[in-house]
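Reading through the structure tokens given below for one structure.
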Amino acid sequence: MISAWEWSRRFTHSVYFICFSIAISAALVLLISRSWGHDVGEPKLEKLQIWQTCCLDRDCRPQQVAIGIKDHSKKRILVNIEGVETAVDKEVFKPVPSNRTWVCYINPDGPVSNENIRCILYPQQRGSV
């Protein structure tokens, strides 16, 4: 026969085990879901590593982007994103197989600024690889 103390100890261990299992399962689901960019109905784009890297937080949005001139002194490009002008590091621009331009933000609710833009994925020219 199991004493009340022994039963309490076993019950506590069981509760800890269940909580630990749930936490591990939730972490795995989160890890797996964040390892791929989000589905936007463009299979060629979604298969690219740059999409998976830039859009892992599901923060890439199709936006109107007008590209201006390059600022040679600071290696930035002047852009107008949905009516907001800013200068963005040229390294964030990546050509992709899409008809839309995608802007991926560090903070989706933050400002349109160089510090808040992770990537700008723009339509690659036909014949480009």
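Odds and ends about this structure:
- Index of the failed condition, ARG34 passing every other in (1) at pLDDT below 75; (2) within 15 Å of TYR122 (Cβ to Cβ); (3) of a type in the set (Lys, Arg): (2)
- Every pair of residues 6+ apart whose Cβ atoms lie under 8 Å, when the first sits in the stretch 1-18 and is surrounded by 10 or more Cβ atoms within 10 Å (Cβ to Cβ) while the second is aliphatic (A, V, I, L, M) and not in a helix (DSSP H, G or I): ARG10/ILE2
- If you check VAL92, VAL79 for being under 19 Å from the mean Cα position of the chain (by Cα) and either exposed (fewer than 14 other Cβ atoms within 10 Å of the Cβ) or β-branched (Val, Ile, Thr) (or both), only one passes: VAL92.
- If only residues of the stretch 60-96 that are closer than 11 Å to ILE120 by Cα and basic (Lys, Arg) are counted, the one that is modelled with the highest pLDDT is LYS94.
The values are calculated or read from the model by the stated rules, or taken from the named source; none is laboratory data. Keep in mind it's a predicted model, so treat the numbers as computed, not measured. Cβ: placed from backbone, ideal geometry, glycine included. Neighbour counts: every protein chain shown.
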